[in-house]
1. From the list 320, 270, pick out the single residue that is more than 21 Å from the chain's Cα centre (by Cα), within 16 Å of residue 213 (Cα to Cα), outside any loop (DSSP other than H, G, I, E, B) and of a type in the set (A, V, I, L, M, F, W, C).
2. In the stretch 223-238, is there at least one residue being outside the structural domain of residue 23 (by TED's automatic domain parsing) and outside any helix (DSSP H, G or I)?
3. What residue, of 190, 195, is farther than 18 Å from residue 277 by Cα, surrounded by 15 or more Cβ atoms within 10 Å (Cβ to Cβ) and hydrophobic (A, V, I, L, M, F, W, C)?
4. For the stretch 258-280, indicate whether the set of residues that are among the charged types (D, E, K, R) and over 22 Å from residue 240 (Cβ atoms) is non-empty.
5. Of the numbered conditions (1) touching a residue at least 40 places away in the same chain (Cβ under 8 Å); (2) among the hydroxyl-bearing types (Ser, Thr, Tyr); (3) loosely packed, with under 14 Cβ neighbours inside 10 Å, residue 182 satisfies every one except a single condition; which is it?
6. If the requirement is being in contact with a helix residue (DSSP H, G or I) (Cβ under 7 Å, 6 or more places away or on another chain) and among the acidic types (Asp, Glu), which of these qualifies: 272, 276, 253?
7. Being crowded, with 19+ Cβ neighbours inside 10 Å and in contact (Cβ under 8 Å) with a residue 60 or more places away in the chain is the filter here, so list the residues in the stretch 95-122 that pass it.
Amino acid sequence: MTLARAERPLLDPKLQDEPARQAALERYDVLDTPPEEPFERITALVKTVLDVPISTISLIDTDRQWFKSQIGLDFTQSSRDSSFCTQTIRTHEPLLIPDTHADPRFAENPAVVGPPFIGSYLGVPLQTPDGYNIGSLCAMDHVARSFNPHQIEMLKSFAGIVVDELELRNLARLDQLTGAISRRSFLEEASRAIARLSRYDRPAALIMFDIDHFKLINDSYGHPAGDAVLSAVGATCQSLIRNSDSFGRLGGEEFAILLPDTGRTNARAAAERCREALAQMPIPGHPEIHITASFGIATLTPNTTIEQWLAAADAALYAAKRNGRNQSQVAGVDVK
């Protein structure tokens with residue numbers, strides 16, 4: 001027996017696998033990031049081309065809908081349970097609601113009977129290359145109206161551009177040699193940790209380290225050998241940190257690790273694990289090279305700016321170098 005078209009999406013396991021869908025969203029590391037011009041341009045285009053007052057790029061988190069970009073709304077997130085986007089991501093097809101007041105799913109929705117008074121809705125799932133719907137690109141009006149097939153196809157094209165931008169953003173975020181996130185992305189993560197301390201009193205620690213005498217390695221063995229060292233450092237450190245930690249390359253041979261929900265003692269232990277592992281680490285293709293690294297650790301304190309936090313860890317790092325290298329120092333404790 002042939003299944004009705006409306007029943008077929010239920011057979012797609014990727015539409016039913018919420019943990020995998022959430023993991024696909026988290027891989028982009030985009031939630032709670034500041035506005036970015038490529039996404040702002042897309043919502044502006046949707047507003048103009050489809051002639052709507054409201055346009056959003058909505059991402060569905062575990063329990064909320066968060067907007068990477070929005071026009072016509074004065075909030076950046078809302079409950080997942082009441083969101084139109086939650087319905088949109090349940091299939092691979094666009095969701096068209098010409099009259100929200102006539103649709104039993106949404107007639108009593110807070111966003112329909114109250115601000116922003118959504119009268120009609122068109123949403124297209126944001127589908128990742130591996131087939132998971134992480135959110136939707138939406139066009140909304142205050143009045144009942146339909147969208148013609150040409151407009152629907154245009155919104156589908158814009159949705160593809162959103163996913164392309166997320167993919168490009170992810171590529172730009174990673175250092176291809178070491179697998180570490182870029183300096184800019186690392187600073188974004190550190191800013192979020194500062195916000196978490198302010199809002200929820202959640203601690204965090206920052207480790208900065210660099211490779212001792214790295215210039216001598218490049219001068220003695222050549223830059224390909226130096227690249228092999230950097231690659232090995234990245235692989236080793238990432239094998240030792242938690243999934244919730246962030247590993248970044250700040251520049252050259254300088255790296256950093258952000259440890260959420262971590263105090264001074266555990267941060268020092270994490271730094272020592274990395275330091276000892278690097279001192280014993282073989283360099284693929286270069287058995288003659290052995291390295292050490294110096295570490296600086298700074299825990300996050302209230303009312304600390306990101307510049308102050310980095311400066312504290314940096315000062316501890318250079319104290320470790322002054323004291324003989326291949327060691328870790330904690331800001332405000334061991335710095336001499």
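The values are calculated or read from the model by the stated rules, or taken from the named source; none is laboratory data. Only a predicted model underlies this, so the values are computations on that prediction, with no experimental measurement involved. Note that we place each Cβ from the backbone using ideal geometry, even for glycine, and neighbour counts take in every protein chain shown.
1. 320
2. Step one: filter the stretch 223-238 for residues outside the structural domain of residue 23 (by TED's automatic domain parsing), giving 223-238.
Next cut, outside any helix (DSSP H, G or I) only: none.
No; the residues of the stretch 223-238 include none that is outside the structural domain of residue 23 (by TED's automatic domain parsing) and outside any helix (DSSP H, G or I).
3. Among 190, 195, only 190 is farther than 18 Å from residue 277 by Cα, surrounded by 15 or more Cβ atoms within 10 Å (Cβ to Cβ) and hydrophobic (A, V, I, L, M, F, W, C).
4. For the stretch 258-280, residues among the charged types (D, E, K, R) and over 22 Å from residue 240 (Cβ atoms): absent.
5. Residue 182 satisfies all of (1) touching a residue at least 40 places away in the same chain (Cβ under 8 Å); (2) among the hydroxyl-bearing types (Ser, Thr, Tyr); (3) loosely packed, with under 14 Cβ neighbours inside 10 Å except (3).
6. Result: 253 is the single residue among 272, 276, 253 that is in contact with a helix residue (DSSP H, G or I) (Cβ under 7 Å, 6 or more places away or on another chain) and among the acidic types (Asp, Glu).
7. Scanning the stretch 95-122 gives 118, 122.
Conditions (1) within 18 Å of residue 29 (Cα to Cα); (2) in a helix (DSSP H, G or I); (3) assigned by TED's automatic domain parsing to the domain that holds residue 34, marked per residue:
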residue	(1), (2), (3)
136	yes, no, yes
153	no, yes, yes
158	no, yes, yes
163	yes, yes, yes
167	yes, yes, yes
190	yes, yes, no
195	yes, yes, no
218	no, yes, no
